[in-house]
1. First measure r as the distance between the Cβ atoms of L98 and Q309, then evaluate 1/(1 + (r/R0)^6) with R0 = 30 Å and state the FRET efficiency to the nearest 0.05.
2. Would you mind getting me the FRET efficiency between E124 and R212? Use the beta-carbon distance for r and R0 = 51 Å, nearest 0.05.
3. Just flag the GluC sites (Glu not before Pro) in the stretch 200-260 sitting in loop per DSSP whose Cβ has no more than 14 other Cβ atoms within 10 Å.
4. Taking 0.36 nm per intervening residue step and subtracting the Cα-Cα distance, what contour gain separates L89 from K190 on full extension?
5. Rounded, prolate or oblate: which fits the stretch 206-330, taking a ≥ b ≥ c as square roots of the Cα gyration tensor eigenvalues, rounded meaning a/c under 1.5, else prolate when a/b beats b/c?
6. Here is the link list: K64/K190; K265/K298; K190/K280. Which ones come out longer than 32 Å on Cα distance?
7. Counting only other residues whose beta carbon sits under 9 Å from that of Q71, what net charge do I get with K and R as +1, D and E as -1?
8. Taking 0.36 nm per intervening residue step and subtracting the Cα-Cα distance, what contour gain separates E318 from V295 on full extension?
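Throughout, read-outs are computed from the coordinates displayed, never taken from laboratory work. These numbers come from a predicted model, not from an experiment. Cβ placement follows ideal geometry from the backbone for every residue including glycine, while neighbour counts extend to all protein chains displayed.
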Amino acid sequence: MSSILRTQVLRTAVRSLATATRSQIQVTPARLTVAARSYTSAAAPAPLKSNISSTSSAVVSSTKDLIINSQRIVAGAVVSRQPLILRDLTPFEKEYFLYQKNLERDHAAAFGAEFYFKKGSVAERRWKQQEAERQAAAASGASSTSTGAKGSRSSKGAEAVQDEVTEEDRVAALEAKIQFNDRITDADRKNDVRSLERALARTLYLIVKKPREQHAWQFPQGGVRVCENLQEATGRELAEECGSNMDLWFVGRVPIGHYQYNFPKDFVAKSSNTAVKGAKVFFMKAHIFAGQVQVDNKEVVDFAWVTKQEMKDYVAPEYYEAVKDMLSDF
């Protein structure tokens with residue numbers, strides 16, 4: 001009797017468990033559907049311009065400039081072309097690396113040439129010639145007294161090795177010789193400041209010229225419109241002033257610096273909005289990977305790619321003092 005009772009209890013438990021499982025399976029899709037619908041509705045107003053209703057009183061024309069505390073908010077672009085080659089070493093750096101090389105060579109273990117090279121082989125003769133040239137170069141940098149003794153021994157060793165070099169070695173050396181491109185380009189020789197193929201070892205920055213007499217040269221910049229962030233305003237101004245033929249990458253969404261100035265009194269008096277007393281310029285950093293500037297000849301009439309030091313000859317002194325800390329020295 002007890003076994004029959006246990007069997008009935010077990011069956012009842014299994015039925016109740018199956019019923020509970022079916023109810024959970026039926027309820028779960030409804031919960032997933034509700035969650036997905038709320039996520040979609042929450043993601044819809046994500047863009048900055050979409051979260052303001054067209055019937056709201058806060059909506060203004062998208063072409064209106066953003067003005068805060070009588071200051072016009074302006075977005076500027078610090079567009080740079082990064083160095084394409086390593087820069088030249090300074091005299092101190094050259095002496096330092098030469099000293100480290102000689103120091104490492106003096107403390108290095110003796111090189112067993114007979115172990116690495118087959119006796120009488122081309123590789124052995126090349127190594128002997130290179131070793132003789134290195135000894136001659138080291139002797140030339142020594143003192144005058146030691147130069148006479150070591151230089152004579154090195155020159156004799158070099159002459160002896162030179163006799164062993166065959167025509168086959170000379171041909172192989174010419175084939176293995178590395179040809180280096182010139183670090184000075186045609187744009188450098190012509191001083192073409194509009195070309196990106198100049199000053200390959202330096203960082204170049206884009207500056208544009210406005211059609212006016214004073215403060216003509218500056219970074220590309222323009223007013224930020226209402227409901228527009230700094231990156232959007234910078235990209236729009238670059239497209240308007242410099243064309244869309246540039247492959248740019250903005251470095252972050254935060255400005256790297258800012259510059260504030262007041263408008264001249266006569267400019268404010270002639271302006272249609274006399275409440276604006278000056279401007280705050282926020283600079284966004286960007287790199288150019290390909291393309292070139294195409295000026296519109298309206299807002300911008302000329303452009304140049306210059307280094308930090310060359311920028312002094314173009315922009316106003318107060319403007320350079322405001323932006324110099326954002327630029328690279330190399």
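1. 0.60
2. Once the sixth-power term is evaluated, E becomes 0.10.
3. For GluC sites (Glu not before Pro) across the stretch 200-260 that sit outside H, G, I, E and B with at most 14 neighbouring Cβ atoms in 10 Å, the list reads E213.
4. Numbers: separation 101, 0.36 × 101 = 36.36 nm, distance 2.43 nm.
Result for the pair: 33.9 nm of gain on full extension.
5. Details: a/c = 1.43, a/b = 1.28, b/c = 1.12.
Cα axes put the stretch 206-330 in the rounded bin.
6. K64/K190; K190/K280
7. That sum, taken over residues with Cβ under 9 Å, equals +3.
8. Gain on stretching E318 to V295: 5.7 nm.
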